[in-house]
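Peer 1: Sharing a structure with you now.
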Amino acid sequence: MWLGKDKNNRSMIFQSDGDVLVNVGGSYSPTPNSDSDPEFNPGRFDLRVNVVDKGFHDSANSRSMIGSKFSDDKGYSSDYLISISDKGLVISGMQAGAPMIIRNDGDIMLESASSKLILKGESVEIIEFSKTPTDDGRAKK
């Protein structure tokens, strides 16, 4: 593993010849040799990719919009995020106009085992290969 920007602008290079396991959160003893029960620390993992320079957090040059959940300003709506916590799993692309593509050569299944499945958008189309979509967005039989 190498850390630090190299001449090809790569800041981290990692190779593993086996499994990679990452555990975020868990139980630990508050102090070594403590007789008290271990405390549980719920984990949270965020993988964020910034595609617009917003400056450093807490710096005078910061262009972040503190307190804003999502911004309509294209200068701030730029991050791609995978977040996993006790609140759930979020995969989010926040750059206006940029597509999010999930592609596989095999089957893709979206499943909600104990609740409903919701597809939400200004327009929802179902397009099957080699079939022309109808006015309602569904492919002709």
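What follows draws every value from the coordinates through simple rules; no lab data is involved. Predicted model, so just to flag it, every value in this text is computed and none were measured. Note: ideal-geometry Cβ built from the backbone for every residue, glycine included; neighbour counts use all protein chains shown.
Peer 1: Please work out which residue is surrounded by the most Cβ atoms within 10 Å (Cβ to Cβ), limiting yourself to the range 76-117 and to residues that are assigned to a loop (DSSP other than H, G, I, E, B), of a type in the set (A, V, I, L, M, F, W, C) and touching a strand residue (DSSP E or B) at 6+ places or on another chain (Cβ under 8 Å).
Peer 2: The residue in question is Met94.
Peer 1: Could you list, ordered by first residue, the pairs with Cβ atoms under 8 Å in which the first is in the range 93-115 and in contact (Cβ under 8 Å) with a residue 40 or more places away in the chain and on the phi < 0 side of the Ramachandran plot and the second is acidic (Asp, Glu) and surrounded by 10 or more Cβ atoms within 10 Å (Cβ to Cβ), at least 6 apart or interchain?
Peer 2: Gln95/Asp79
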